[in-house]
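The values are calculated or read from the model by the stated rules, or taken from the named source; none is laboratory data. Values in this document were obtained by computation on a predicted structure and should not be read as measured data. Ideal geometry is used to build each Cβ from the backbone, glycine not excepted, and the neighbour counts take in all protein chains shown.
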Amino acid sequence: MKAFGRVDSLAQACVEGLAQESTRWVLVDAGMGGRKIKAGILLGAGLALSRRLQREVPESRVGLLLPPGAGGTIANLGCVLAGKTPVNLNFTSGRAAAESAVRQTGLKTVITAKAMEEKVGEHFPRVERKLDLASLLQEEKKKAVLWSLLAVMLPGSWLSILAGVAKEGGDREAGLLFTSGSTGEPKGVVLTHRNILSNLAQIRGVLGKHNIVSLLGCLPLFHSFGFTVTLWWPLTGGPKVVTYPSPLDPHALGEVISGHGVELLVTTPTFLRALMRRAGKEKLGRLRMVVTGAEKLPASLREEFAEKIGVKVYEGYGMTEASPVVSVNVPGAERSGSVGKPVGGMEVRTVEENSRKVLPAGEAGILEFRGPNIFPGYLGRPDLTEKVLQEGWYHSADYGRLDGEGFLFIEGRRARFSKIGGEMVPHGLVEEELVKWCRKTGRANEGALEVMVTAVEDEKKGESLVVLHAADLDPAEAEKALRDAELPNLWIPRKFKRVEKIPLLASGKLDLAAARKLAQS
């Protein structure tokens, strides 16, 4: 079955989506002074870059270290048109995580920009080749202009044949994103052409009827929502995207939203709260729709935003392994406290945690999902893939239920992660660094479990980490030790609580529920 009409290649979908209306404005780069780019111009640059990559990069995967914007868009497009997999590297997670991604994917080439290279500095991953995107595009400028002219004159199907763009994609790899693992080794999530195109069709099925003209693209391209929703959706016939290189500057984002008439904002509750307080109704009042995901949407934030800005906030739900959109509330189909109805083609069921016995409809349990947007497995990890994929069903880390009308409710998270500011933070890795420091400095005994990381709800960031410790430690010194270990800032706990002993189950496993209660008390 074709996942995107008659097309099952992401490259072909982009060519047809851009060539069909080659004179429309498809991207506004607000980080570059509001530079506007027409679909044909963007396609021409992508085709010229793709031919260069085909000639000079023999590997099937190409690393990208670029922010959202015209450059990041052209680089990803060029890779896909060349039949190569773009691997957008997380430049915020430290050198170790980036180099793990390089090692797992076998990357030898990274396309970047001088400004990004300077920003990342010594944390830039070691690879054989670093290519400067600006230089590449300047060298291919004449060819890009020629391709742009052809995009105006020829239908997409003819242009694809002339450029040698693959028409078949299906179950072949189209994207690779990395998600944190509790062991500290990032997991490579393989997304196929069918996965991405199916999710794009599902997004169009939910949001297409609302005639959204423009959306904000400020989420990183290594983020699953930034990769599918704000990158590929506009390139395959979706709304115009207004890009900005970072979601962390609420004042600038307010100016961008107001100045360019952005209608749809997809963000996290943490970023939305800052935006509401720094930008206000004057800058945000023209938004037509706001959708949040990646962490729980507090009812207080939803109500405050509607009161102060006059725009409703709709909560959605997704995961990298689902390409990523699973469900979303929309006008005319919403329920308070839920994350909306599953998108078309998605099956949802609940199972018992240990036996995986399927539970009756409506009963809460571990959520499992099946659909064309569910990934085929983790890169090079058949052991992890077998744990989460059985007969096409993805066994998630979340507890939840479907109500009688099909709305999905998330009631808890099984895995030892927290979503803080929209980023996944592994408790186990933070805990491991603390234990190593405690034992190295004589604050804990070998073999004794005296430190544990848990989390509590946080009104501002979704969740906040709490360290329970039976060891004699000073919080300020512990924080410094974690910084010295080069953990990302979001991973460093600010709350510490002395306890008599770390709570354990009779089996010897950590008692997660008891630990959370201790942290909340």
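Descriptive notes on the structure:
- Among strands (runs of 3 or more DSSP E) entirely within the stretch 377-429, having at least 1 residues that are over 30 Å from Leu272 (Cα atoms) singles out 393-402.
- Residues located in the stretch 321-342, provided they are in a loop (DSSP other than H, G, I, E, B), among the hydroxyl-bearing types (Ser, Thr, Tyr) and either in contact with a strand residue (DSSP E or B) (Cβ under 8 Å, 6 or more places away or on another chain) or crowded, with 16+ Cβ neighbours inside 10 Å (or both): Ser323, Ser338
- Matching residues, the stretch 196-211, being in contact with a Pro (Cβ under 9 Å, 6 or more places away or on another chain) and at pLDDT 95 or above: Leu197, Ser198, Asn199, Ala201, Gln202
- Residues of the stretch 75-114 classified as hydrophobic (A, V, I, L, M, F, W, C), more than 13 Å from Arg52 (Cα to Cα), over 18 Å from the mean Cα position of the chain (by Cα) and not in a loop (DSSP other than H, G, I, E, B), total: 3
- Residue match in the stretch 271-287 (condition: of a type in the set (A, V, I, L, M, F, W, C), within 30 Å of Ala174 (Cα to Cα) and out of contact with any helix residue (DSSP H, G or I) (no Cβ under 6 Å at 6 or more places or on another chain)): yes
- The stretch 169-195: number of residues that are at negative phi, modelled with pLDDT under 95, out of contact with any His (no Cβ under 8 Å at 6 or more places or on another chain) and not in a strand (DSSP E or B): 5
- Residue within the stretch 87-106 that is more than 30 Å from Leu248 (Cβ to Cβ), out of contact with any strand residue (DSSP E or B) (no Cβ under 8 Å at 6 or more places or on another chain), modelled with pLDDT under 95 and of a type in the set (Asp, Glu) present: no
- Here Val213, Val189 are screened, and the one residue that is β-branched (Val, Ile, Thr) and either buried (at least 24 other Cβ atoms within 10 Å of the Cβ) or more than 13 Å from the chain's Cα centre (by Cα) (or both) is Val213.
- In the set Ser198, Ser214, Ser258, Ser224, only one residue is under 30 Å from Leu429 (Cα atoms) and of a type in the set (Ser, Thr, Tyr); that residue is Ser224.
Yes/no per residue for (1) within 20 Å of Val213 (Cβ to Cβ); (2) surrounded by fewer than 23 Cβ atoms within 10 Å (Cβ to Cβ); (3) not β-branched (Val, Ile, Thr):
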{"residue": "Leu10", "(1), (2), (3)": "no, no, yes"}
{"residue": "Leu18", "(1), (2), (3)": "yes, no, yes"}
{"residue": "Val28", "(1), (2), (3)": "yes, no, no"}
{"residue": "Gly44", "(1), (2), (3)": "no, no, yes"}
{"residue": "Arg52", "(1), (2), (3)": "no, yes, yes"}
{"residue": "Glu59", "(1), (2), (3)": "no, yes, yes"}
{"residue": "Leu66", "(1), (2), (3)": "no, no, yes"}
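- Scoring Val152 on the criteria (1) surrounded by fewer than 19 Cβ atoms within 10 Å (Cβ to Cβ); (2) modelled with pLDDT of 95 or more leaves a single failure, condition (2).
- Test for Leu64: is it at pLDDT 95 or above, among the hydrophobic types (A, V, I, L, M, F, W, C) and farther than 30 Å from Asn489 by Cα: no
- Qualifying positions in the stretch 439-451 - surrounded by fewer than 22 Cβ atoms within 10 Å (Cβ to Cβ) and either at pLDDT 85 or above or not hydrophobic (A, V, I, L, M, F, W, C) (or both): Arg439, Lys440, Thr441, Gly442, Arg443, Asn445, Glu446, Gly447, Glu450
- Of the residues in the stretch 128-137, at least one is more than 23 Å from the chain's Cα centre (by Cα), over 24 Å from Ala45 (Cβ atoms) and at pLDDT 90 or above.
- Contact annotation: residue pairs with Cβ atoms under 9 Å, 6 or more positions apart or on different chains, pairing a residue in the stretch 256-277 that is more than 17 Å from Phe225 (Cβ to Cβ) and among the hydroxyl-bearing types (Ser, Thr, Tyr) with a partner that is modelled with pLDDT of 90 or more and in a helix (DSSP H, G or I), are Ser258/Ala279; Ser258/Glu282; Ser258/Lys283; Ser258/Leu284.
- Taking first residues from the stretch 373-392 that are farther than 25 Å from Leu10 by Cα and partners that are at pLDDT below 95 and surrounded by fewer than 15 Cβ atoms within 10 Å (Cβ to Cβ), the Cβ contacts under 8 Å between residues at least 6 apart in sequence or on separate chains come to Gln390/Arg356.
- Index of the failed condition, Thr454 passing every other in (1) under 30 Å from Ala294 (Cα atoms); (2) in contact with a Leu (Cβ under 9 Å, 6 or more places away or on another chain); (3) among the hydroxyl-bearing types (Ser, Thr, Tyr); (4) at pLDDT below 85: (4)
- Filter pass, Glu122 being more than 29 Å from Gly44 (Cβ to Cβ) and part of a loop (DSSP other than H, G, I, E, B): no
- Test: residue in the stretch 349-356 that is surrounded by 22 or more Cβ atoms within 10 Å (Cβ to Cβ), part of a strand (DSSP E or B) and of a type outside the set (S, T, N, Q): no
- Filter result for the condition that a residue is buried (at least 24 other Cβ atoms within 10 Å of the Cβ), of a type in the set (D, E, K, R) and under 28 Å from Glu21 (Cα atoms), over Arg204, Arg194, Arg288: Arg194
- Of all residues making up the stretch 489-517, the number that are assigned to a strand (DSSP E or B) and either at pLDDT 90 or above or within 27 Å of the chain's Cα centre (by Cα) (or both): 4
- So Leu359, is it among the hydrophobic types (A, V, I, L, M, F, W, C), under 17 Å from Leu408 (Cβ atoms) and surrounded by fewer than 19 Cβ atoms within 10 Å (Cβ to Cβ): yes
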